[in-house]
Amino acid sequence: MRYVMVIDTNKCVGCSDCVVACQVENHVPMGYCRDWVVETVNGTYPSVSFEFRSERCNHCDNAPCVRTCPTGASHIIEGGIVLVTPEECIGCGACIESCPYDARYPHPEEGHVDKCTFCNHRLEKGELPACVSVCPTKCMYFGDLDDANSDVSKLLATRQHKVLAPEAGTKPRVYYLI
Amino acid sequence: METTRRDFIKISSLGAGGVALTSTTIPLSGIFGKKKPALDDEKLTKIPTYCDICFWKCAAWAFVDATGKIRKLEGNKNDLLDRGRLCPRGTGGIGAYYDDDRLKTPLVRIEEDGEQVFKEASWEEALDLVANKMKEIKEKHGPESFALLKHGSPGKHFAHLFQAYGSNTIAEPAFAQCRGPRDVGFKLTFGKPPGSPENTDLRDAKCIVLIGSHIGENMHNSQVQELSDAIDKGVSIITVDPRLSTVANKSKFWLPIRPSTDMALLLSWMHVLIYEELYDKEYVEKNTTGFEELKKHVRQFTPEWAYPITDIKPEMIRKSAREMAISAPSTIVHPGRHVVWYGDDTQRSRAIAILNALLGSWGRRGGFYFSEKMRIPKYPQPPYPKPKWDAHTLSHHFPFANHGVTGDVIKASLIEKTKEHHVKAWMVAGTNLTKSVPERAVIESAINELEFLVVVDTMPMEITGYADVILPECTYLERYDQLRNSSWRTPSVALRMPAVKPKYQSKPAWWMAKQLGERLGLQDYFDYEDYEEVIKWQLEHVGTSLEEMKHLGVKNYDRRSKNLYMDEKATQKFKTPSGKIELYSQKLKDAGFEPFPVYKEHERPPKNYLRMIYGRAPMHTFSKTVNNPYLNELKNENLLWINPRVAKKWNLHYGQKVWLKNQDGVISTFPIKVRMTERIRWDSIYMVHGFGHNNKNLTRAYSKGASDTKLISKILTDPIMGGTGLRGNFVTILTEEPTKNIES
């Protein structure tokens, strides 16, 4: 079992439904977010194009946050999901510093570090992460890369794709179809 | 009341005895307090609703916990409009309920120590006051002099009250400030407007042509979903826009046109389709009238003619026209929605309709389907009295205005403009008039002359500041409303019922209408205790029940008519005078207008001015969602899009706060931050509509960004139907704060 997320930038319209759905689903405090949308523009008018990307924790195979965590609060569970155990987190912020994706934030009231969980609580019930299930363009796919018949495996086998900050060597598990 | 100056009052200016409304901000931990685990759906109750954050009306479920709190909203998977996926506004719709800036009690304007203030009032007191004013206006001037300016669900309840009362002086910005020209243009051509939702078969389209329409930024849910499906199937998109919009970026052809010259491009496309013989000959022969005249008319409009006008190279015009023809009839030249641009908008919509006719896409798979809605019987009521005059009387100078024209109702309230039909009082329900209608100065003058103004809203929008009485409406999550009856590929009904009790003292619009009706002796028009009875009765007449609908939320039905598309073997009858698709419009000719669209040059920006273009952001609806705590998190201000080369000339830097001044010297109330981007032409600026709120009681929205509407003081009127063209305004940039001009 190896959970991955695949996001088709050709379909994304940058509406941020993924952001608000996550906020509601996971009680993300106001002013913070576990996922966000980035726009990068290339070229000069009128030879110009841009890309929208819904970004979040990349649930890296080689996760620097897990390596740097002094207490073991940041850990990897079955399926490769990187989680934080709030009770074990001392809020030192080492993981925040080490993350090349800026995916973590200190919870302003509870003190621990917080981030995307791939909606593990929904996966346990056989549901998709909130961001994936709400997306009006259906540009987000979620599934098991170990299963050759899954949508995500098929998409990655047939479509051109990229990951963010590959040079960091983190082996991220959020892929972008380009 | 004399025609004294009606001061704009901040709602917190309560008179003695009133309790100042606090505007607490939502705590960081969100609206549910600390230490809440992620949601467990099994412990939540699902209540059906349909969304009210925009006009698309997606069916949804409100999830309510054991303590009676709404925890989240999700789309209804059985709804063909949203297929279980709400847009960001729908998902964030719970913020409309939790927004603590909401209107909480009825408020009444009083004068205290020479100052006008609002005083909290009981419902009895407020409703008595409104009903007495309605009686007084009726006696003094006739009921027609009390106008209703409305939008959406609340508007429908009050339209019923007003018609029972004897006034059909009713208008909504949705016509003259939005889609009127398109509906009229398509009706003249095909005998039918595209409707809402539009009957565009995007799902199966092979080519989609968008003229300034920015699907994906206008988050019309089904259209965004179907566009995305079409992208999966390899659709080719052609976008005409001076800005690299979200959808322009996904297009095979982006035509970065010089603003205001779309008509020239459309005419040259017709030229190419006809003279390269790419049009659907059989379809045109069988279904249309006026082709030979059209052929003669567009002969001169070559791509070479259009090039210096539009900045689009002839080769690009030809290539894109051929692309449309290759995919025809599964090619949609999209009618758009907000199309009041340059005052020749009905004619531009006609040009779009004619292109579709040439491509044979009306009534074809992947083009325009024949939509159908339910026949829901009207709850029994006496017939409405016939008013002596109505909104149409006020707009007689616009022969094709088939809905009330907001501007004419407003102008009929100005003494010097009015001869016989004088509007003396308004109810404004569900529309923030100073942000939805241009020409702020005219609106303010009209309001000053009114004898009475009552405003119904959920939020302290700017328009409430001018009111004599404010009635706080509860949100859609707290009320019953009309059944949703959307036109679509197949008909359906959807139920909206209260998920929770109304917060504060707020009440549903149906209740207010009934209460006022009873006070006016119109109880026969409101023969029910609760609107639930109306819904129940109607549902039983369409073969279901309230009980069933509580479980389903939305019920889909089979079509009554067989054909979703044109029956190729039969002769199609169109609801036009000739029974055919009218390429040539005798009706327009008879009314003194051009029977074919023609290109007219529009004014270009003067030196040191840029054309002001505005549009939508996917997380907001008009000006009404900016204060929603969830949606405000996504976008809390608009930015000034400006080409980097222009920004350099003006010596601007990213994030710099600037003020805008238009051609008439109107200055933005608040500054707007500069966003240098290559996505916008050098002769234009762009901003998202709906920002720059000036009511402090909208604590999150107040002073954030600039209001495009305020900067629209010049109107290019569509003589055919009264549309208010809004794109003829130009702005220059002020880097120093102008004289303090923040309104009260």
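We did not get these values from a lab; they are worked out from the coordinates using the rules stated. Please read all numbers here as calculations on a predicted model, not as lab measurements. All Cβ positions, even for glycine, are placed from backbone atoms using ideal geometry, and neighbour counts span all protein chains on display.
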Compute the angle between helix B:262-275 and the longest alpha-carbon principal axis of chain B, please, reported from 0 to 90 degrees and rounded to the nearest 10. 40
By how many nm would the segment from B:Asp40 to B:Glu292 lengthen if fully extended, with 0.36 nm per residue of separation less the alpha-carbon distance? 84.1 nm
Relative to the longest principal axis of the C-alpha atoms of chain B, give the angle of the C-alpha long axis of helix B:180-190, reported between 0 and 90° and rounded to the nearest 10°. 40
Taking chain B and counting helices only, DSSP H stretches of n ≥ 4 at -39,500 (n - 2.57) each over all residues, the nearest-500 ellipticity at 222 nm comes to -7500 deg cm²/dmol
Kindly write out, for the range B:212-228 in residue order, the coupling ³J(HN,Hα) from the Karplus curve 6.51 cos²θ - 1.76 cosθ + 1.60 (θ = phi - 60°), rounded to whole Hz, with x marking Gly and Pro. x, 7, 10, 4, x, 9, 7, 8, 6, 3, 4, 5, 5, 4, 6, 4, 5
How much length, in nm to one decimal, is gained on full extension between B:Arg604 and B:His551, taken as 0.36 nm per residue of separation minus their Cα-Cα distance? 13.4 nm
B:Tyr384 label point, 7 Å along Cα→Cβ, cut-off 17 Å on backbone N: hits in the range B:163-187? B:163-175
On each of the three principal axes the extent of the alpha-carbon atoms of chain A, given in whole Å and largest first, is 49, 39, 33
Residues B:Thr490 and B:Glu420, FRET efficiency given R0 of 56 Å [Cβ-Cβ distance, rounded to 0.05]: 0.75
To the nearest 10 degrees, how steeply does helix A:17-26 sit against the main Cα axis of chain A, on a 0 to 90 scale? 20
Filter the cross-link list B:Lys156/B:Lys388; B:Lys206/B:Lys233; A:Lys11/B:Lys373 down to pairs whose alpha-carbon distance in this structure exceeds 19 Å. B:Lys156/B:Lys388; A:Lys11/B:Lys373
Please report the relative contact order for chain B, taking Cα pairs under 8 Å with a sequence separation of at least 6, and give it as a percent rounded to a whole number. 19
The extension gain from B:Glu277 to B:Lys575, computed as 0.36 nm times the residue separation minus the Cα-Cα distance, is 104.5 nm
Nonlocal amide H pairs with B:His422, under 5 Å, H built at 1.01 Å: none
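Please give me, ordered by residue number, the GluC sites (Glu not before Pro) of the range B:215-292 that lie in loop per DSSP and have at most 13 other Cβ atoms within 10 Å. All intermediate terms of the calculation are to be shown ahead of the outcome.
On the way: sites: B:Glu217, B:Glu226, B:Glu276, B:Glu277, B:Glu282, B:Glu285, B:Glu292; in loops: B:Glu217, B:Glu276, B:Glu277.
Qualifying residues, ordered by number: B:Glu276, B:Glu277.
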As straight-line cross-link partners of B:Lys295, the qualifying aspartates and glutamates (C-alpha separation under 12 Å, not fewer than 8 residues apart within one chain) are B:Glu276, B:Glu277
Taking only Cα atoms of chain B, what ratio of Rg to Rh do you get with Rh as the Kirkwood inverse-distance radius? 0.95
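Past 18 Å, Cα to Cα, is the threshold; run B:Lys187/B:Lys587; B:Lys411/B:Lys714; B:Lys150/B:Lys435 against it and keep the listed order. Don't skip to the answer; put the middle values down first.
Numbers: B:Lys187/B:Lys587 11 Å; B:Lys411/B:Lys714 15 Å; B:Lys150/B:Lys435 13 Å.
Among B:Lys187/B:Lys587; B:Lys411/B:Lys714; B:Lys150/B:Lys435, the Cα-Cα distance tops 18 Å for no pair.
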If you line up the Cα atoms of the range B:466-551 on their principal axes, what length do they span on each, largest first, in Å? 45, 28, 24
What aspartates and glutamates does B:Lys569 reach when the alpha-carbon gap must be under 18 Å and sequence neighbours fewer than 8 apart in one chain are set aside? B:Asp280, B:Glu282, B:Glu285
In whole angstrom, how long is each semi-axis of the equivalent ellipsoid of the protein assembly as shown, when you take the square root of 5 times every eigenvalue of its Cα gyration tensor and sort them from largest down? 41, 37, 29
Here the averaged projected area of the range B:130-256, based on the convex hull of its alpha-carbon atoms and given in nm², is 10.4
Between the alpha carbon centres of the range B:615-633 and the range B:327-380 the gap in Å comes to 28
On alpha carbon coordinates alone, what is the Rg over Rh value for the range B:273-346, Rh being the Kirkwood radius? 0.98
Kirkwood-Stokes translational diffusion coefficient of the range B:610-734, alpha-carbon pairs, 37 °C, 0.692 mPa s, µm²/s: 220
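Sequence gap at least 6, Cα distance under 8 Å: using those rules, report the relative contact order of chain A to the nearest whole percent. List each step's numbers first, then the result.
Details: 341 pairs, mean separation 57.1, N = 178.
Taking the mean separation of contacting Cα pairs over the length of chain A, I get 32 percent.
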